[in-house]
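Derivation of every value follows stated rules applied to the coordinates shown; laboratory data play no part. Remember, predicted model here, so these are calculated numbers, not experimental data. Virtual Cβ from ideal backbone geometry, glycine too; neighbours counted across all protein chains shown.
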Amino acid sequence: MSKKIIALNGSANKHRNSASMLDSFIEGIRAVSPDAEIERVDVFDLDYKGCRGCMGCGLKSRKGIGCVQRDGASELLERMRAADGIVFATPVYFWEPSAQLKCLLERFIYPGELDHHIEIAAIYTMYQPEIVSEVKLPLHAQALSGNAKGFLKNINWTELAVNQTQTWESGKSDIYISPGPEAAAISEEIRAKRWPSDLERGKKAGEEFAKRLAKI
């Protein structure tokens, strides 16, 4: 039976770093599982809010149903809970996913009570070099994945970090204020040199994701 996978782009940009890595990941999935049912979603296209703390999802009468809010994310959240796998790609802001994606994850994770195993993969894109993200990102990733596992139980969560991605449009680096000292050292030449290998890493990660799903 084909696996159902939800692929979430947590960036406002539909064709740049996070989105491109997500597409490469999907390419890897299809290379291993060509019959997989993959739904790709740009979360910035949806109109929704984060968790309201209403505890509606915690009612015994609604056990396992999920978030009770009805808005632009409701149907997507239902499909996420029914999926075999979820992969999201997001830029890193303040060492966390984009605000829009974090809102969605709050409402997906907090209700808990999945009745089946689900594979989750997270792709993080950032301008920081590896020496910075190797220290800071694991702390966030462990907190996020740890909370997800605490609520959802039947999940496997893996992360892929993509460093020194370009934060500005190609050819326009001279008109932007650098967001930090690390970014000042990033040139379009650095990104051009390493980006093809980053995309290949994304594809390989997608292949491994599909292989894990096939064993379920």
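Evaluated with a Cβ-only charge set (Lys, Arg +1; Asp, Glu -1), the stretch 41-178 carries a dipole of roughly 720 debye about its Cα centre, given to the nearest 20.
Packing, taken as the mean count of other beta carbons within 10 Å per residue, orders the peptides 3-10, 35-42, 103-110, 155-162 from highest to lowest as 3-10, 103-110, 155-162, 35-42. State which entries of LYS3/LYS211; LYS14/LYS203; LYS102/LYS193; LYS63/LYS102; LYS153/LYS215; LYS14/LYS193 exceed 20 angstrom in Cα-Cα distance in the structure shown. LYS102/LYS193; LYS63/LYS102; LYS14/LYS193, as the Cα separations exceed 20 Å there. Couplings for the stretch 150-164, taken from phi via the Karplus curve 6.51 cos²θ - 1.76 cosθ + 1.60 with θ = phi - 60°, read x, 8, 8, 6, 8, 9, 10, 10, 10, 10, 9, 9, 10, 9, 6 Hz in order; Gly and Pro are left as x.
Counting other Cβ atoms within 10 Å as a rough exposure proxy, the listed residues SER61, SER33, SER11, SER145 run SER61, SER145, SER33, SER11 from fewest neighbours to most.
Across the stretch 98-106, computed HN-Hα scalar couplings (Karplus, 6.51 cos²θ - 1.76 cosθ + 1.60, θ = phi - 60°) run 4, 4, 5, 5, 4, 4, 5, 5, 4 Hz from first to last residue, x flagging Gly and Pro.
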